[in-house]
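Contents: one structure, followed by commentary.
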Amino acid sequence: RSGGYFDDANEIILELRGGEGGEDSKLFVEDLFSAYMKYSESLGFKSEILDSDFGHIVAKVAGNGVGEAFKNEIGKHVVQRVPPTESKGRKQTSIVVVGILPIPPENAIQEIPACELEISTTKGSGPGGQARNKLETSVRIVHLPTGIFVNVCNERSQQSNKQTALRIISAKVNQLINNMSVSGYSEIKKSQMMDGGRSDKIRTYNFTKSIVVDHRLGTRTGNIKSVMKGEFNLLFK
């Protein structure tokens with residue numbers, strides 16, 4: 001997962017999705033995303049949420065070297081802890097799946113023919129006040145030949161959301177064209193977002209023992225509190 005494709009990217013799409021583990025998996029999506037935002041801020045990156053629901057967050061992160069900074073995050077993250085909602089002190093194991101899409105510069109992305117895209121709008125949801133909820137600012141774009149889709153609902157302006165969504169879906173489709181056949185897309189998607197189960201984990205956050213283990217890099221730290229404050233550099237040794 002290293003190499004120029006990630007190392008040269010100055011914009012990425014960061015996606016977190018809850019997997020096995022029910023409600024605590026969804027809660028850890030929020031905890032891990034918060035840690036990523038602190039990590040991004042410490043490196044001077046700019047972040048914005050593009051789409052979110054309980055247990056699923058999609059954000060854009062931009063800055064010099066962002067692809068290299070996040071390339072090790074792809075895969076299944078395992079959390080072992082007593083969930084905040086657990087009243088009897090029982091430990092649980094849950095999964096959060098992380099996907100990363102490096103976005104090439106606009107001049108490096110091939111434009112998709114309009115006839116291949118289905119664009120729809122809905123009223124925005126979430127924070128933003130009444131103005132956001134009254135206007136159809138949320139944009140969904142589907143690439144009909146592949147079924148790839150993008151939702152963007154972070155801004156008041158429908159046009160701004162549409163331009164962001166077009167750029168993201170163009171990056172996704174171009175990645176598909178450059179790296180695989182249409183029939184192989186689902187396998188590549190599965191290799192990043194996987195099935196939400198416990199196999200092929202890349203990192204474990206064990207709160208009961210206060211350790212974080214990175215299985216891919218072969219590193220560990222006993223300072224889980226600092227990692228959850230965004231100090232992922234403790235694992236990048």
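The values are calculated or read from the model by the stated rules, or taken from the named source; none is laboratory data. Computed from a predicted model, the values in this text were never measured in an experiment. Here Cβ is always computed from backbone atoms with ideal geometry, including for glycine, and neighbour counts include all displayed protein chains. Ligands, DNA and RNA are stripped out before the accessible areas are found, and what is left, the full protein with its side chains, is counted by its heavy atoms. Shrake-Rupley method; radii C 1.70, N 1.55, O 1.52, S 1.80 Å.
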Exercise for the section: Quick one: Gly99 ticks every box in (1) assigned to a strand (DSSP E or B); (2) small (Gly, Ala, Ser); (3) open to solvent by 10 Å² or more (accessible area, probe 1.4 Å); (4) within 21 Å of Lys229 (Cα to Cα) except a single one, so which number is it? Expected result: (3)
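Any chance you could count how many residues in segment 10-26 are open to solvent by less than 40 Å² (accessible area, probe 1.4 Å) and either among the acidic types (Asp, Glu) or more than 15 Å from the chain's Cα centre (by Cα) (or both)?
Total meeting the criteria: 4.
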Fill in the blank from the handout: Residue hits (segment 10-32; among the hydrophobic types (A, V, I, L, M, F, W, C) and in contact with a Ser or Thr (Cβ under 9 Å, 6 or more places away or on another chain)) are Leu14, Leu27, Phe28
Practice task
List every residue pair whose Cβ atoms lie under 9 Å apart, where the two residues are 6 or more positions apart in sequence or sit on different chains, the first residue falls within segment 221-237 and is surrounded by 13 or more Cβ atoms within 10 Å (Cβ to Cβ), and the second residue, located anywhere, is modelled with pLDDT under 95 and polar (S, T, N, Q).
Solution key: Phe232/Asn72; Leu235/Asn72
Practice task
Please work out which one of (1) over 23 Å from the mean Cα position of the chain (by Cα); (2) of a type outside the set (Asp, Glu); (3) modelled with pLDDT under 90 is the condition Ala108 fails and give its number.
Solution key: (1)
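In this structure, is Val29 part of a helix (DSSP H, G or I), open to solvent by less than 10 Å² (accessible area, probe 1.4 Å) and among the β-branched types (Val, Ile, Thr)?
Numbers: part of a helix (DSSP H, G or I): yes; open to solvent by less than 10 Å² (accessible area, probe 1.4 Å): yes; among the β-branched types (Val, Ile, Thr): yes.
Yes.
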Handout entry: Top-ranked residue of segment 72-89 - restricted to ones that are assigned to a loop (DSSP other than H, G, I, E, B) and over 15 Å from Asn206 (Cβ atoms), ranked as most open to solvent (accessible area, probe 1.4 Å)
Key = Lys88
Problem - Close pairs from segment 38-55: first among the polar types (S, T, N, Q), partner not in a strand (DSSP E or B), Cβ under 6 Å, at least 6 apart - result: Ser42/Gly230; Ser47/Met37; Ser47/Ser40
